[in-house]
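Right, one structure below, let's go through it.
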Amino acid sequence: MKQLIYKYYDLPFILFLAMTACHQYVIKTSDHYLFDDISKIPKKKTALVLGASKYSRNGNLNPYFVNRMYAAADLYFEGKVEKILVSGDNHISSYDEPTDMANFLIELGVPKKDIILDYAGFRTLDSVVRAKKVFNCDELIIVSQKFHNQRAIYIARQYKIDAVAYNAKDVASSNNFTHYREILAKFVTILDVHLFKTKPKFL
């Protein structure tokens, strides 16, 4: 009976160790492909900008969204990419991340003809895999904040995509929920890629 009790209480600790190990593994294996300095990032044909809501819960512009758009525009105007693929959630007509992203980029001066919209980027895995399977992108510069890029690069490399990532400016906040959530997200990424073989919702 005592052994069963010990095993029961060991499960959360084992899960914590597994999540921590996966988190560190994804960070370590992706680190070489992440760039903060735009001058050092190699040229690729397409930038994949990962989706985010345009507005925060308080109704203000979401700084994660804004920083990603500026980073993507910088890549375009610096000649690092020729096209920008914006991938996000559009599961209902009243919520349209890709259109918001495209319109913001157009306001920044990016020509509409060089922006491609993916309306089925419901998750990071969907966005990355669809970039290759649907939009025929074998090479990419992925654009998001660093903690998100780590996971995206890991997925891309598992799918044999020649990908690097440009880190958009992060958001200083007293609420670190987003970063704590990444620990779980990276754990789920490992499960999706290696155990469950998860596919995008739409291909």
Exercise for review: Go through (1) within 22 Å of residue 186 (Cβ to Cβ); (2) surrounded by 19 or more Cβ atoms within 10 Å (Cβ to Cβ) and name the single condition residue 147 misses.
Suggested key: (2)
Revision key, fill the gap. Residues of region 88-117 being at pLDDT 95 or above and among the hydrophobic types (A, V, I, L, M, F, W, C), in sequence order, are 101, 102, 104, 105, 106, 108, 110, 115, 116, 117
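A quick yes/no check of all residues on (1) under 19 Å from the mean Cα position of the chain (by Cα); (2) surrounded by fewer than 20 Cβ atoms within 10 Å (Cβ to Cβ):
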| site | (1), (2) |
| --- | --- |
| 57 | no, yes |
| 63 | yes, yes |
| 66 | yes, yes |
| 69 | yes, no |
| 91 | yes, yes |
| 107 | no, yes |
| 132 | yes, yes |
Exercise for review: Tell me which residues, restricted to region 187-203, are over 16 Å from the mean Cα position of the chain (by Cα) and in a helix (DSSP H, G or I).
Suggested key: 191, 194, 195, 196
Check your understanding: Mind checking whether some residue in region 161-179 is in contact with a Gly (Cβ under 6 Å, 6 or more places away or on another chain) and among the polar types (S, T, N, Q)?
Key -> no
Practice item. Please go through region 32-48 and pick out each residue that is surrounded by 18 or more Cβ atoms within 10 Å (Cβ to Cβ) and in a helix (DSSP H, G or I). Key: 33
**Study point:** Residues (part of a loop (DSSP other than H, G, I, E, B), in contact (Cβ under 8 Å) with a residue 40 or more places away in the chain and not polar (S, T, N, Q)) located in region 49-75
**Key:** 51, 52, 54
Practice item. Select from region 150-174 the residues that are of a type outside the set (Val, Ile, Thr) and without any contact (Cβ under 8 Å) to a residue 40 or more places away in the chain and write down the one among them that is surrounded by the fewest Cβ atoms within 10 Å (Cβ to Cβ). Key: 174
Revision key, fill the gap. Taking region 93-105 and keeping only residues that are open to solvent by 50 Å² or more (accessible area, probe 1.4 Å) and either over 15 Å from residue 68 (Cβ atoms) or in contact with a strand residue (DSSP E or B) (Cβ under 8 Å, 6 or more places away or on another chain) (or both), one is left with 93, 94, 95
Review point. Looking at region 76-89, which of its residues are of a type in the set (A, V, I, L, M) and either assigned to a strand (DSSP E or B) or open to solvent by 50 Å² or more (accessible area, probe 1.4 Å) (or both)?
Key: 84, 85, 86
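The values are calculated or read from the model by the stated rules, or taken from the named source; none is laboratory data. No experiment lies behind these values; they were computed from the predicted model shown. Reconstructed Cβ throughout: ideal geometry from the backbone, glycine too, with neighbour counts over all protein chains shown. Heads up: the accessible areas ignore ligands, DNA and RNA and are worked out on the full protein's heavy atoms, side chains in. Shrake-Rupley method; radii C 1.70, N 1.55, O 1.52, S 1.80 Å.
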